[in-house]
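As structure tokens, the structure follows; a few thoughts come after it.
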Amino acid sequence: MKHLIIILTSIMMISCTQNQVKTHIGTGAGAVSGFTTCRALLNTNIQLTAACTLAGAWLGSSLFYHNDYNIHTAVFVDTLNTSPGKISNTNWGNGSTGSWGSVKINRTYLVGIKKCKDYESTISITQSWPLSGINRETEHGIACQMPDGRWIIEDTTQ
């Protein structure tokens, strides 16, 4: 029974971490916290400790990846990668938090071997505990794609 719980917990933790490196960190930190809380502080049995480890991993992965800033970053990079060489807009919204954002590509051009894009990025993100309030920002900038595919922000103004 103990081995089955450990195997199932491991499988579930691996499936939770397929999205981003931050998710790996969050999952690991959450799992350690859950394990420590139940095993060391509460002195529980192996089944409850495994359940606490799994719950901590799930909570940790959701805290580090499923937030609106990461959604905006993903949409921003996708827009840079897929926008045509003319003006284009991409919008996103999260109905459960009320947050939204937009990315507008104004111009695409070459600087040497780098493909660069002038962009405008706008967010309106409702922050949750421990922060509170709405963060609204508009950023204008230039993003350039390096030969290896990475995007580098060359210049920004707010």
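The values are calculated or read from the model by the stated rules, or taken from the named source; none is laboratory data. A quick note: this is a predicted structure, and the numbers were derived from the prediction, not measured. Cβ: placed from backbone, ideal geometry, glycine included. Neighbour counts: every protein chain shown.
Which ones in segment 67-110 are within 17 Å of Thr156 (Cα to Cα) and out of contact with any strand residue (DSSP E or B) (no Cβ under 6 Å at 6 or more places or on another chain)?
Thr73, Val77
Kindly check whether there is at least one residue in segment 57-69 that is in contact with a Lys or Arg (Cβ under 9 Å, 6 or more places away or on another chain) and modelled with pLDDT of 95 or more.
No, that holds for no residue.
Is it the case that Thr53 is surrounded by 15 or more Cβ atoms within 10 Å (Cβ to Cβ), modelled with pLDDT of 70 or more and in contact with a strand residue (DSSP E or B) (Cβ under 9 Å, 6 or more places away or on another chain)?
On the way: surrounded by 15 or more Cβ atoms within 10 Å (Cβ to Cβ): yes; modelled with pLDDT of 70 or more: yes; in contact with a strand residue (DSSP E or B) (Cβ under 9 Å, 6 or more places away or on another chain): no.
When the stated conditions are applied, Thr53 does not pass them.
Which residues, taken from segment 120-157, are over 19 Å from the mean Cα position of the chain (by Cα) and in contact (Cβ under 8 Å) with a residue 40 or more places away in the chain?
Hits for segment 120-157 are Ala143, Gln145.
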